[in-house]
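Peer 1: One structure is given below, represented as structure tokens, and several questions about it will come after.
The values are calculated or read from the model by the stated rules, or taken from the named source; none is laboratory data. The shown structure was predicted, so the numbers you read here are calculated from the model rather than taken from an experiment. Reconstructed Cβ throughout: ideal geometry from the backbone, glycine too, with neighbour counts over all protein chains shown.
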Amino acid sequence: MKRVHVPEVEDWSLCPDWFRDCLTRQIRVMCRVMGYEHAVASVLGAALEGEQDPHILDMGSGAGGIMPEVLKALRARGGALAGVRVSLSDRFPNRDAIASIQELQIDGLEYLEVPIDATDLAAAPEGVKTMVNSFHHLRPAEARAVLESAHALKTPILVFELADNRLPFALWALTLPLGLAVTFFISLLLTPFVRPLTVRQLLFSYLIPLVPLIYAWDGQASYPRIYGASDVDELTAGLDDGYTWTSGHGENHRGQKTGFYLLGTPSAPRGRGASDT
Ligand SMILES: C[S@@+](CC[C@H](N)C(=O)[O-])C[C@H]1O[C@@H](n2cnc3c(N)ncnc32)[C@H](O)[C@@H]1O
């Protein structure tokens with residue numbers, strides 16, 4: 001497997017939630033600049049085609065990520081997608097995120113209070129399953145278990161990552177200092193656009209620049225952790241009866257190839273919610 005599990009600070013249990021939220025908000029700004037919500041919507045739109053009552057169950061949602069923006073981008077596509085609904089979920093539901101999603105009062109967007117473990121979807125609510133910017137946090141055995149569970153239930157699943165892991169690891173390591181410096185300065189530039197822009201975010205960005213530092217490290221560390229094209233072939237080996245796997249790049253609103261996805265769909269045509277139990 002090409003993937004390398006380089007440690008990310010965000011994964012540490014000792015990392016305070018408020019600090020993790022500062023990092024997540026930065027990622028959201030970056031995603032908006034790059035048009036990731038359109039790239040995710042470009043693949044999801046196709047996966048939801050033919051659904052009369054389209055519903056997405058996002059897993060590993062953390063603080064919510066870019067799913068509110070994805071919902072808007074999907075709805076803008078019109079037709080049945082104008083009524084698409086998104087349920088956010090996590091194995092450890094984030095209480096603050098539940099409250100802030102409720103505050104947003106976006107029609108068709110909710111955060112489930114019950115824990116949803118992506119490795120065991122038997123009791124999960126129906127809908128197209130998504131994991132956006134979270135699959136690379138899973139070790140191979142857990143990642144395989146997620147795909148196995150979706151395959152066993154013949155439920156569609158979309159894994160979307162913000163980049164494709166194409167660079168050889170040695171080259172990644174060689175260019176790491178430059179990558180860290182560039183990402184650090186990008187973080188400083190993006191900070192004024194973070195919402196909500198808290199005193200903590202400003203303090204730990206401009207006075208004690210821990211947020212840009214860790215944002216740079218985690219951003220660079222996540223690259224080799226992504227399951228790229230050859231890795232997803234390995235992860236999905238043997239999971240093809242009655243099920244089709246496709247992978248590739250999303251497309252943002254400027255027509256640029258953005259991110260990397262793995263999409264699993266049941267081979268048989270699906271009716272209204274017919275494949276999900
Ligand atoms: C990087 S965070 C959140 C990513 C989020 N989608 C975003 O874009 O900001 C990854 C999340 O995955 C969750 N997670 C890890 N393993 C999981 C599993 N087996 N099932 C569901 N969620 C899981 C963690 O609790 C964490 O909140």
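Peer 1: I'm trying to understand the selection: among the residues of segment 207-235, which are among the β-branched types (Val, Ile, Thr) and surrounded by fewer than 20 Cβ atoms within 10 Å (Cβ to Cβ)?
Peer 2: Within segment 207-235, Ile208 is the sole residue that qualifies.
Peer 1: Starting from residues that are of a type in the set (Asp, Glu) and touching a residue at least 60 places away in the same chain (Cβ under 8 Å), keep the ones in segment 27-78 and report whichever is farthest from Leu112 (Cα to Cα).
Peer 2: Here the residue is Glu51.
Peer 1: What's the number of the only condition in (1) away from the ligand (no atom under 12 Å from the Cβ); (2) over 22 Å from Trp245 (Cα atoms); (3) crowded, with 22+ Cβ neighbours inside 10 Å; (4) not basic (Lys, Arg) that Pro54 fails to meet?
Peer 2: Checking Pro54 against (1) away from the ligand (no atom under 12 Å from the Cβ); (2) over 22 Å from Trp245 (Cα atoms); (3) crowded, with 22+ Cβ neighbours inside 10 Å; (4) not basic (Lys, Arg), the one that fails is (2).
Peer 1: Find the residue count for segment 86-117, including only residues that are in contact with a Phe, Trp or Tyr (Cβ under 7 Å, 6 or more places away or on another chain) and among the small types (Gly, Ala, Ser).
Peer 2: 1
Peer 1: Scan segment 84-97 residue by residue and report those that are at pLDDT below 95 and more than 10 Å from the ligand (Cβ to nearest atom).
Peer 2: Residues satisfying the conditions are Arg95, Asp96.
Peer 1: Can you tell me which residue within segment 200-230, out of those that are out of contact with any helix residue (DSSP H, G or I) (no Cβ under 8 Å at 6 or more places or on another chain) and not aliphatic (A, V, I, L, M), is modelled with the lowest pLDDT?
Peer 2: Ser230
Peer 1: Which of the numbered conditions does Gly127 fail, given that it passes all the others? Conditions: (1) loosely packed, with under 14 Cβ neighbours inside 10 Å; (2) within 21 Å of Leu112 (Cβ to Cβ); (3) touching a Lys or Arg at 6+ places or on another chain (Cβ under 9 Å).
Peer 2: For Gly127, the exception is condition (1).
Peer 1: Now for a separate question. Restricting the search to segment 119-137, which residues are among the hydrophobic types (A, V, I, L, M, F, W, C) and more than 6 Å from the ligand (Cβ to nearest atom)?
Peer 2: Leu121, Ala122, Ala123, Ala124, Val128, Met131, Phe135
Peer 1: Just for segment 138-156: of the residues that are within 12 Å of the ligand (Cβ to nearest atom) and outside any helix (DSSP H, G or I), which one is farthest from Thr24 (Cα to Cα)?
Peer 2: Arg139
Peer 1: If you scan segment 98-118, which residues turn out to be over 16 Å from the mean Cα position of the chain (by Cα) and either assigned to a helix (DSSP H, G or I) or within 13 Å of the ligand (Cβ to nearest atom) (or both)?
Peer 2: Ile98, Ala99, Ser100, Ile101, Gln102, Glu103, Leu104, Leu112, Val114, Pro115
Peer 1: Name, by its number, the condition in (1) surrounded by fewer than 21 Cβ atoms within 10 Å (Cβ to Cβ); (2) in contact with a helix residue (DSSP H, G or I) (Cβ under 6 Å, 6 or more places away or on another chain); (3) in contact (Cβ under 8 Å) with a residue 12 or more places away in the chain that does not hold for Ser100.
Peer 2: Here Ser100 clears every test but (2).
Peer 1: Looking at Asn133, Asn165, which is the one that is in contact with an Asp or Glu (Cβ under 7 Å, 6 or more places away or on another chain), surrounded by 15 or more Cβ atoms within 10 Å (Cβ to Cβ) and of a type outside the set (Gly, Ala, Ser)?
Peer 2: Exactly one residue qualifies, and that residue is Asn133.
Peer 1: On to the next question. Look through Tyr227, Tyr206 and report the one residue that is assigned to a loop (DSSP other than H, G, I, E, B) and hydroxyl-bearing (Ser, Thr, Tyr).
Peer 2: None of the other options fit; the residue is Tyr227.
Peer 1: Restricting attention to segment 190-203, which residues are part of a helix (DSSP H, G or I) and closer than 14 Å to Ile27 by Cβ?
Peer 2: Scanning segment 190-203 gives Leu190, Thr191, Phe193, Gln201.
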